[in-house]
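Right, one structure below, let's go through it.
All of the numbers you see were taken from the coordinates with simple rules; none came from a lab. Quick caveat: nothing in here was measured; it's all calculated off a predicted structure.
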Amino acid sequence: MSTIADNISRVIARIEAAAQACGRAPATIGLLAVSKTKPAEAVREAFAAGVRDVGENYLQEALEKQTQLTDLALTWHFIGPIQSNKTRAIAEHFDWVHSVDRLKIAQRLAEQRPEGLAPLNICIQVNVSGEASKSGCAPAELEALAQAISALPRLKLRGLMAIPEPTDDPDAQEAAFASVRILQERLSLPLDTLSMGMSHDLEAAIAQGATWVRIGTALFGARDYGQA
């Protein structure tokens, strides 16, 4: 049976190969280990194998893991849908939020971010596939939302996040990620982050400029949602 360390090595090799294939430096692509439904011990194993950035979708689960892993120098990323009643805890306990899709949430995060902490790194989630079931800002609303968020205190707008409609077609994967990159290039703001690509499509995302790939299954194995 593969260990988490073995899985991390394989994913890093995929990232490096994908970067080299499109002429990018592998160091420009961050590995975000997504540990939803997985125990704190799995995150500890990943840390021992070199992982420093952890992504969580579920707030309560994330807070419990943070309590168990206070001895590790981890950077915590919130990547799930955000309800208004969860913003204070997110503002207080995370370094990055990838899933902001409306101004109200950004305003609450700004108001509730403790002044003693560094500005909260923000990515706007954009719904490039137009799926009704997906969170995300509509592309037509992106410029106005980005401008408004960039003006808020205690936040640092870094870029965009997207979860395109799943497909096994590499050309379709690249086309979806290209649309995210183009949306960011058209914004009149100096942004440096594209959070896109998961276990099944990280190569296509890297080809189109991803700076964070959010990897769960390929690192930790299939998820048990009964434990979430």
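Descriptive notes on the structure:
- Spherically averaged projected area of the chain from its Cα convex hull (nm²): 12.4
- Counting DSSP beta bridges with both ends in the chain, the antiparallel % (nearest 5): 0
- Straightening the chain between A138 and E41 buys 31.1 nm, computed as 0.36 nm per residue apart minus the Cα-Cα spacing.
- Scaled against the 2.2 N^0.38 Å expected of a compact globular protein of N residues, the Cα radius of gyration of the range 1-95 reads 1.19.
- Candidates D95, D169, D201, ranked by Gaussian network fluctuation over the chain, Cα under 10 Å, top entry: D169
- For the range 164-179 and the range 50-79, distance of Cα centres in Å: 29
- Residues considered: A207, A42, A140. Largest GNM mean-square fluctuation over the chain, using C-alpha springs under 10 Å, is found at A140.
- Full-stretch length increase - T217, E16 - with 0.36 nm per residue and alpha-carbon distance subtracted: 70.5 nm
- Residue among I182, I29, I206 with the largest mean-square fluctuation in a Gaussian network model of the chain, springs linking Cα atoms under 10 Å: I182
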